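What follows is a set of notes on a single structure, which appears directly below.
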Amino acid sequence: MSLLKVTNLGKSFGGVKAVDGISFELAAGELLALIGPNGAGKTTTFNMVNGQLRAGVGSITLDGHELLGMTPRDIWRMGVSRTFQIAETFLSLTVVENVQMALLSRDKKLFSFFSRAANYKRDEALALLDQVSMKPQAARACSVLAYGDVKRVELAIAMANAPRLLLMDEPTAGMAPKERNDLMALTKQLVTERNMAVLFTEHSMDVVFAYADRMVVLARGRLIAGGKPQEIRDHPKVQEVYFGTGKTFEKTA
């Protein structure tokens, strides 16, 4: 049974159709990669799913509940979290305080930078950090972390509301190959342990083919292919869009 269902989704900017009638589904416990060349409509689709953009036409449902018209915060409270291409953390706060901030938001508590978040549900925050192997660095400021570790902290923050659906926009952007694989292996582990769904965009094809259960391919706002990685690798239209007619779809580093 599908957790997320996107039906005939469309969005135009002026006379340009950024997303043109796409449909796909995503089940709990599944990683679905949304890929395509620059300008394919991936980020626009993401922004409609989590409420940052209002769709022109179509439907987006989470477990049967319509998301269109809801605010990003309301969608977050329904169990939809998101990470960004450029990690978003409070650099002046410690690692554990960043996660405590997310817990404060989840619990609808007020926060003051003067009192900080040091005493709020620290054990729960540390448990989330432990899941992403960042508990030993809990007391460090985010400003001094390596970028791969910042992305792990962002993932812990995203886990604070126990999401049923996690949206990851270019999760491995700016990371070295080992960091990319470590982060996606961790994500795969969390998907299995929590039975959550992940929709992610990614330019690194090695990451996509190694970790996606299924793939959806967009080009110029339209869905041109969907299926398991090997089906996508062999799909003639996908090969044409990425590399030109006659060339093979190969993994890239």
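The values are calculated or read from the model by the stated rules, or taken from the named source; none is laboratory data. All of these numbers come straight from a predicted model, not from anything done at the bench. Methodologically, a virtual Cβ is constructed for each residue, glycine included, from the backbone with ideal geometry; neighbour enumeration extends over all protein chains shown.
Checking the conditions here, which among Asp20, Asp74, Asp63 is buried (at least 16 other Cβ atoms within 10 Å of the Cβ) and either assigned by TED's automatic domain parsing to the domain that holds Val241 or closer than 22 Å to Leu155 by Cβ (or both)? Steps first, answer last, please.
Values: Asp74 fails: buried (at least 16 other Cβ atoms within 10 Å of the Cβ); Asp63 fails: buried (at least 16 other Cβ atoms within 10 Å of the Cβ).
Among Asp20, Asp74, Asp63, only Asp20 is buried (at least 16 other Cβ atoms within 10 Å of the Cβ) and either assigned by TED's automatic domain parsing to the domain that holds Val241 or closer than 22 Å to Leu155 by Cβ (or both).
Of a type outside the set (Lys, Arg), closer than 23 Å to Tyr211 by Cβ and modelled with pLDDT of 95 or more: which single residue out of Leu32, Leu9 fits that description? Talk me through it step by step, then tell me what you get.
Numbers: Leu9 fails: closer than 23 Å to Tyr211 by Cβ.
So the residue among Leu32, Leu9 that is of a type outside the set (Lys, Arg), closer than 23 Å to Tyr211 by Cβ and modelled with pLDDT of 95 or more is Leu32.
Which of the residues belonging to the stretch 23-52 are farther than 28 Å from Leu190 by Cα and either surrounded by 18 or more Cβ atoms within 10 Å (Cβ to Cβ) or in contact with a helix residue (DSSP H, G or I) (Cβ under 6 Å, 6 or more places away or on another chain) (or both)?
Hit for the stretch 23-52 is Ala40, nothing else.
Take the stretch 93-118 and flag every residue that is modelled with pLDDT of 80 or more and of a type in the set (Gly, Ala, Ser).
At the first step, the residues of the stretch 93-118 found to be modelled with pLDDT of 80 or more are 93-107.
Ala102, Ser105, listed by residue number.
Among the residues of the stretch 150-174, count how many are among the acidic types (Asp, Glu) and at pLDDT below 90. Explain how you work it out, then say what you get.
Going through the stretch 150-174, the residues among the acidic types (Asp, Glu) turn out to be 154, 169-170.
Subsequent filtering for residues that are at pLDDT below 90 retains 169-170.
Looking only at that region, the number is 2.
Just to be sure I understand the filter: pairs with C-beta atoms under 7 Å, separated by 6 or more residues or on different chains, first member in the stretch 48-74 and more than 16 Å from Leu3 (Cβ to Cβ), second member among the basic types (Lys, Arg) and outside any loop (DSSP other than H, G, I, E, B). Which pairs pass?
Close Cβ pairs satisfying both conditions: Met48/Lys11; Leu53/Lys11; Ala55/Lys11; Gly56/Lys11.
For the stretch 133-190, which positions are among the acidic types (Asp, Glu) and under 20 Å from Gly51 (Cα atoms)? Break it down into steps so the answer makes sense when it comes.
At the first step, the residues of the stretch 133-190 found to be among the acidic types (Asp, Glu) are 149, 154, 169-170, 179, 182.
If the condition is that a residue be among the acidic types (Asp, Glu) and under 20 Å from Gly51 (Cα atoms), then Glu154, Asp169, Glu170 are the ones that fit.
For Ala125, indicate whether it is under 25 Å from Leu4 (Cα atoms), touching a residue at least 24 places away in the same chain (Cβ under 8 Å) and either exposed (fewer than 15 other Cβ atoms within 10 Å of the Cβ) or of a type in the set (Gly, Ala, Ser) (or both).
On the way: under 25 Å from Leu4 (Cα atoms): no; touching a residue at least 24 places away in the same chain (Cβ under 8 Å): yes; either exposed (fewer than 15 other Cβ atoms within 10 Å of the Cβ) or of a type in the set (Gly, Ala, Ser) (or both): yes.
No; evaluated as a whole, the condition is false for this residue.
What are the pairs, 6+ residues apart or on separate chains, where a residue within the stretch 200-213 that is outside the structural domain of Leu155 (by TED's automatic domain parsing) and modelled with pLDDT under 90 has its Cβ under 8 Å from a residue that is of a type in the set (Gly, Ala, Ser) and assigned to a loop (DSSP other than H, G, I, E, B)?
His203/Ala173; Ser204/Ala253; Asp206/Ala253
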